[in-house]
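Below is one structure, written out as C-alpha cells; the observations come after it.
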Amino acid sequence: MEAQWDRVVDMALAEDLGWGDLTTDILVPDAAQGRGIIVAKAEGVLAGGPIAARVFHKVDASLKVDLLLAEGSRLQPGQTIATVQGRVPSILKAERLALNFLQHLSGIATETARYVEAVAGLPTIIVDTRKTTPGLRLMEKYAVRMGGGRNHRYHLGDGILIKDNHLAALRRAGLSLAEAVNRAKTGAPHTLQIEVEVESLEQAREAVEAGAHIIMLDNMGLEEMRQAVEMARGRALVEASGGITLENVRAVAETGVDFISVGALTHSVKALDISLELEA
C-alpha cells in the first residue's frame, strides 16, 4: 500500500511542482527557516497524516514532520494535527498538496464515521464501493477504514459480482440468472464468493436457490428488503445498495441486512477544512 501511496504522491508533485514554484523562488530566501502548524478548522475524523508527511519529505527530506494525532482521531476546530519545521520554501512548496490529501481523506473518514454512527448498536456493516477517484482508490478506501467502515472490492479481480448488465448480456445468449450463478461458481476459484445484484424478490430467490453467497438488493423498498432478508436467512448474506443516505441508513439497517454499501463515502464527499499556518 505504501508503494502505491508513493506513486500517487510522485504523480501529484510532478503535476504541481514540475515547473517549479515561481512565487516562492522569487520572494522567499532559500535559507529561511520556519515552522508550520497544521490545524483542523472543523469537527471530523483524521485520515491522511502519513501521506501528508510523505509530501513534505519528498519535497525536502530535511523537513521535520511531527504527526501529533493518530489516524482515525476525532478532530475539533482549532486542534493541532501536525507540525512541520525546516526550510520555509520547502514548506510552502509542499503545503497545498499535503493539505489536499489531508482534507480529502479526512472528509471521507468523517462521512464514513457519520454512517457508522447512524447504525450504531445494529450488526450491519457499512462498506464502500468502487466509485472512487481514478488513481486514488487505495487512499480513499484506507480513509473509509479510518472512519470505521469496511472495504468492498478493491478491483474487478477481487471477487465475483454479477450485476444487471452482466445478466442482460447473458440473457441475450439465452442464459438465466441461475445459470449465470452456476457458471460463475464453476469458473471462479473456490476461495471467492459469488455476489449477485438483484432488483426484485423473484431475482433474490433465484440467486439464493442457485447458491449465491451474497445477494445485493438494488434500490429496494424497506418491506422488500425485510422479505429478502428473511428468505435468505442462513443461506446467503444480504447487502443493501442504492439510494442510501444518512437520513435512511438506519431504517435500512433495521431490515436485518448484513451490509450496506454507500458510494457517497468516496464519490461526492466534502473535504474537511484543514489549514497550515506558518509561524511569523
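The values are calculated or read from the model by the stated rules, or taken from the named source; none is laboratory data. Since we're looking at a predicted model, the values are computed, not measured. Using ideal geometry, Cβ is built from the backbone for each residue, glycine included, and neighbour counts are taken over all protein chains shown.
Yes or no: segment 183-196 includes at least one residue that is within 24 Å of residue 254 (Cα to Cα) and surrounded by 17 or more Cβ atoms within 10 Å (Cβ to Cβ). Yes - at least one qualifying residue is present in segment 183-196.
Against the definition (surrounded by 16 or more Cβ atoms within 10 Å (Cβ to Cβ), over 30 Å from residue 36 (Cβ atoms) and of a type outside the set (Lys, Arg)), how does residue 269 come out, yes or no? Considered against the rule, which asks whether it is surrounded by 16 or more Cβ atoms within 10 Å (Cβ to Cβ), over 30 Å from residue 36 (Cβ atoms) and of a type outside the set (Lys, Arg), residue 269 comes out as no. Scanning segment 233-279 for residues that are acidic (Asp, Glu) and more than 22 Å from the chain's Cα centre (by Cα) gives 254, 277, 279. Contact map, segment 85-111: first residue under 30 Å from residue 150 (Cα atoms), second residue among the charged types (D, E, K, R), Cβ cut-off under 6 Å, separation 6 or more or different chains; pairs are 97/16; 107/270; 108/140. Looking across segment 1-36, the residues that are exposed (fewer than 13 other Cβ atoms within 10 Å of the Cβ), assigned to a loop (DSSP other than H, G, I, E, B) and either without any contact (Cβ under 8 Å) to a residue 40 or more places away in the chain or not aliphatic (A, V, I, L, M) (or both) come down to 18, 19, 20, 29, 30. Return the residues of segment 121-140 that are among the hydrophobic types (A, V, I, L, M, F, W, C), under 19 Å from residue 48 (Cβ atoms) and assigned to a loop (DSSP other than H, G, I, E, B); say none if nothing qualifies. Within segment 121-140, 136 is the sole residue that qualifies. Please list, ordered by first then second residue, the pairs with beta carbon atoms under 9 Å, 6 or more apart or interchain, first in segment 48-63 and touching a residue at least 12 places away in the same chain (Cβ under 8 Å) and assigned by TED's automatic domain parsing to the domain that holds residue 87, second in a helix (DSSP H, G or I) and basic (Lys, Arg). From residues that are touching a residue at least 12 places away in the same chain (Cβ under 8 Å) and assigned by TED's automatic domain parsing to the domain that holds residue 87, the pairs are 59/93; 60/93.
A search for C-beta distances below 6 Å between a residue of segment 246-265 that is touching a residue at least 60 places away in the same chain (Cβ under 8 Å) and any residue that is in a strand (DSSP E or B) and of a type in the set (Phe, Trp, Tyr), counting only pairs 6+ apart in sequence or on different chains, returns nothing. Looking at 109, 143, 118, 113, just one residue is modelled with pLDDT of 95 or more and over 19 Å from residue 48 (Cα atoms), and that residue is 118. Of all residues in segment 74-85, those being in contact with a helix residue (DSSP H, G or I) (Cβ under 9 Å, 6 or more places away or on another chain) and surrounded by fewer than 20 Cβ atoms within 10 Å (Cβ to Cβ) number 2.
Applying the set (1) in contact with a strand residue (DSSP E or B) (Cβ under 6 Å, 6 or more places away or on another chain); (2) outside any loop (DSSP other than H, G, I, E, B); (3) not aromatic (Phe, Trp, Tyr) to residue 58 leaves exactly one unmet item: (1). Within segment 223-247, being within 13 Å of residue 126 (Cα to Cα) and of a type outside the set (Gly, Ala, Ser) holds for 238, 239, 244, 245, 246.
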